[in-house]
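First the structure, in the form of structure tokens, and then the observations on it.
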Amino acid sequence: MSTNDPQESTIPFMQQLYDRIWLLAAAAFVFFLVAYVGWGILDVLSLPVR
């Protein structure tokens, strides 16, 4: 049953966000960049100093 209520026909915010494929790709790239750079810095800082 279809109604003309504009409240029911709006697309949820998270669905609109997930529909933006390039935004998700950029977010994944930034996440992995930060994770690997952070991991590398942690590895370098954990090396013993002579």
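The values are calculated or read from the model by the stated rules, or taken from the named source; none is laboratory data. Keep in mind it's a predicted model, so treat the numbers as computed, not measured. Note: accessible area is taken over every heavy atom of the protein model, side chains too, but ligands, DNA and RNA are not part of it. Shrake-Rupley method; radii C 1.70, N 1.55, O 1.52, S 1.80 Å.
Quick notes on this one:
- Selection over the range 5-31 of residues that are modelled with pLDDT of 95 or more and part of a loop (DSSP other than H, G, I, E, B) gives a count of 0.
- Subset of the range 19-31 (residues that are under 10 Å from the mean Cα position of the chain (by Cα) and open to solvent by 100 Å² or more (accessible area, probe 1.4 Å)): Phe29, Phe31
- Residues that are part of a loop (DSSP other than H, G, I, E, B) and open to solvent by 100 Å² or more (accessible area, probe 1.4 Å), drawn from the range 32-50: Leu47, Pro48, Val49, Arg50
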